[in-house]
Amino acid sequence: MDIYDVDVQSTGFPTTYERILDYVEQRYLARVRAQNVRNFGTVLAKSLLKGVPAQWEPLHRKIIPSLVAIRERATDTWPSVFMAIIQLIDNLEPANRPRAVAFIAAFPDIWPGLQEPTRTALQQTIENADPAGLTDYRILAGVTVAQFRPRLLSLIAELNRTQIAAAIASQPLAELWPRAIREYQSSGSWRGSEANFGELITPFAGRLNSQQLDELLDAIIDNGQNWDAAETDTLLHGVLRNAVPVDQPSPEARNRFYQHIQRMRRAAKYEEVLALFQSDGWVPPPQDQLVED
């Protein structure tokens, strides 16, 4: 584990999901005794459920796929790791139950194996969550689990802007996007707009589909604090550049955006954005009549 400890904190450890699976299999699972793989899996699970060692706390996006690698690439050993995880969760301290909810979101097959009192305690932890006092945003990851989803969706709806930003920083869940785009769309100043974009929109870069990018373009043109903020063009270009071709905004949304910045005489400001739009064959529509100053 000392080797993994140093490795997972290094810049050489992969960051994409599939590459982590391959890397962990080749480096830590191949030709390794089953008992050692079991111990490795238990340590990974403890880090997610108990926060030990502390230096792994910011690394859950690497730790989770490392554990998935055991499930998918060391299938003979996974049943014993599975049982060790069940025991960990069944005996987990109440303070760590939000971690267990997030863990079950990543490994939903764990849920049926838990003792009934454990399932009850986790369900009640979610049902009784107070939005005003919420500080451990990992619990929101459970929104992907059917048993937890209704209450967590209502909890998300009750969070304020600061909490939404903190939740997105913890994990940019798809269910947080509607709140993020509404907060951004209603920005009340240029600086507020830039802060909202950086904290609420940018973390979703590479995760947004075409419809969501349409919503982003419309949120920009619907509010002068957004389209006229100094950094909006750069921030928008960064998000669009991270989207694969199939997820780029629709032609209709591009047309609306183009017509607006033409009317407001901001085409030069958004030159790089328009060039990116045209890189896949989109052609700017005929200009609407410009408004007079």
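The values are calculated or read from the model by the stated rules, or taken from the named source; none is laboratory data. This one's a predicted model, so the numbers in the text were calculated from it and none came from an experiment. Positions of Cβ are backbone-derived with ideal geometry, glycine not excepted, and every protein chain shown enters the neighbour counts. Heads up: the accessible areas ignore ligands, DNA and RNA and are worked out on the full protein's heavy atoms, side chains in. Shrake-Rupley method; radii C 1.70, N 1.55, O 1.52, S 1.80 Å.
Considering the stretch 214-293 at the alpha-carbon level, its Rg and Dmax are found to be 11.9, 38 Å.
Once you list every other residue whose beta carbon is under 11 Å from the beta carbon of Thr77, what net charge do they have if Lys and Arg are +1 and Asp and Glu are -1? Around Thr77, the surrounding residues sum to +3.
The overall shape of the stretch 1-50 is oblate: from the C-alpha gyration tensor, with semi-axes ordered a ≥ b ≥ c, the ratio a/c is 1.5 or greater and a/b is no larger than b/c. The separation of the stretch 186-203 from the stretch 253-291, counted between C-alpha centres, amounts to 22 Å. Axis of helix 97-106 versus longest Cα principal axis of the chain: the two differ by about 70°, to the nearest ten degrees. Taking only protein heavy atoms and a 1.4 Å probe, the accessible area of the stretch 1-57 is 50% carbon and sulfur.
For the chain, with every protein chain kept in place, what is the accessible area per residue (1.4 Å probe, Å²)? Display every interim value, and only then the final one.
Details: 14460 Å² over 293 residues.
On a per-residue basis, 49 Å².
With all protein chains present, how much of the accessible area of the stretch 168-289 (probe radius 1.4 Å) comes from carbon and sulfur, to the nearest whole percent? Walk me through the numbers on the way to the answer.
Details: 2840 of 5820 Å².
Its accessible area is 49 percent carbon and sulfur atoms.
Considering all alpha-carbon pairs of the chain, what whole percent are spaced by more than 30 angstrom? Here the tail beyond 30 Å accounts for 44 percent of pairs.
Taking the Cβ of Glu231 as the center, what net charge do the other residues with Cβ under 10 Å away carry, scoring Lys and Arg +1 and Asp and Glu -1? Please list the in-between numbers first.
Values: positive: Arg191; negative: Glu194, Asp233.
So the environment of Glu231 carries a net charge of -1.
Computed from backbone phi, the HN-Hα couplings of the stretch 67-76 come to 6, 4, 4, 5, 4, 9, 10, 10, 4, 5 Hz, rounded to whole numbers (Karplus: 6.51 cos²θ - 1.76 cosθ + 1.60, θ = phi - 60°; Gly and Pro given as x).
Any idea what angle helix 78-90 forms with the longest principal axis of the chain, computed on alpha-carbon atoms, 0 to 90 degrees, nearest 10? Compared with the principal axis, the helix lies near 80 degrees. The coefficient of translational diffusion for the stretch 26-93, derived via Stokes-Einstein from the alpha carbon Kirkwood radius under 37 °C and 0.692 mPa s, stands at 270 µm²/s. Across the stretch 174-293, Cα pairs under 8 Å and at least six residues apart give a relative contact order of 25 percent.
Take the Cα radius of gyration of the stretch 170-272 and divide it by 2.2 N^0.38 Å, with N its residue count; two decimals is plenty. It would help to have the intermediate numbers written out before the result.
Values: Rg = 12.5 Å, N = 103, 2.2 N^0.38 = 12.8 Å.
Here the answer is 0.98, to two decimals.
Helix-only mean residue ellipticity at 222 nm, the chain, DSSP H runs n ≥ 4 weighted -39,500 (n - 2.57), per residue, nearest 500. What is it?
-16500 deg cm²/dmol
What number comes out for the charge environment of Thr118, summing +1 per Lys or Arg and -1 per Asp or Glu over other residues with Cβ under 13 Å away?
Working: positive: Arg97, Arg119; negative: Asp90, Glu93, Glu116.
Every neighbour counted, the sum reads -1.
Against the main long axis of the alpha-carbon atoms of the chain, helix 34-50 sits at an angle near 50°.
Ranked from highest to lowest mean number of other Cβ atoms within 10 Å per residue, what is the order of the peptides 97-109, 248-260, 12-24, 124-136?
So the peptides 97-109, 248-260, 12-24, 124-136, ranked by packing, come out 97-109, 248-260, 12-24, 124-136.
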